[in-house]
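Trainee: Okay, here's the structure, questions in a sec.
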Amino acid sequence: GRMFAGILIMFAQFERERMGERRAEAQASLRKQARWGGGSPPYGYKPVKSGVGFVLVPDEKTGPIVGEMISLLLAGDSMNEIARKFTSRQIPAPRMGSRWHADSISRILRSPALAGYVTSANSGEDAKIVRGGDGMPVRFTDIPLADSQTYEKVQAAIGRLSVGRVITRHDAAPLLGIVKCGECDRPL
């Protein structure tokens, strides 16, 4: 009886692992097809039914907020200034909060989703832009919140805000703030 129970447990464990693999494969397939696989959409977008699945389109409520963020940043406002302005005007923050934070604005403006690019993860530093069979970035919308040129201007503006803001610790590595990534030009 114990041997049979052990065999059943092994099969259940195998099936559980395989379910996770199938889920990951399905998410990767949906991203390659520029379809939304679920979860929280990037701020400024909403999922809309299209055929057998969902696609992301600009949200009529939060999309203009992102547009204003871009305008304020390109006009020279810092992330903290933008957060203060939005909080004082009682613009609803992501996740239905009432207070905006510079980190939230930074995450929204740094995201490749701003330009409509599909990423390998919903968000975060490890999110990479998904490329199609032709090597070009896959877009989930034909109408992104920011075109490619505006997206590049936003990234450059964020980079300028970050220059000179390295805080050196007494036990920090000697090349901290000096060595930068060859791909994204961010500090290593």
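Trainee: Can you give the net charge of the other residues whose Cβ lies under 14 Å from the Cβ of residue 152, counting K and R as +1 and D and E as -1?
Mentor: Taking every other residue near residue 152 into account, the sum is +1.
Trainee: State the extension gain, in nm to one decimal, for the chain segment bounded by residue 48 and residue 91, taking 0.36 nm per residue of separation less the distance between their alpha-carbons.
Mentor: 13.1 nm
Trainee: Please identify the GluC sites (Glu not before Pro) of segment 34-86 that satisfy two criteria: DSSP loop assignment and at most 16 other Cβ atoms within 10 Å. Which are they?
Mentor: Answer by residue number: 60.
Trainee: Please enumerate, by chain and number, the lysines with C-alpha under 24 Å from the C-alpha of residue 49, excluding those fewer than 8 residues away in the same chain.
Mentor: Of all the lysines, those that pass the test against residue 49 - Cα under 24 Å, at least 8 places apart if same chain - are 32, 61.
Trainee: Going by average Cβ density within 10 Å per residue, which order do the peptides 128-134, 71-77, 14-20, 100-106 take, highest to lowest?
Mentor: With the highest mean Cβ count within 10 Å placed first, the list reads 100-106, 71-77, 128-134, 14-20.
Every number in this text was worked out from the coordinates using simple rules, so none of it is lab data. Worth saying up front: this structure is predicted, and the values here are computed from it rather than measured. Positions of Cβ are backbone-derived with ideal geometry, glycine not excepted, and every protein chain shown enters the neighbour counts.
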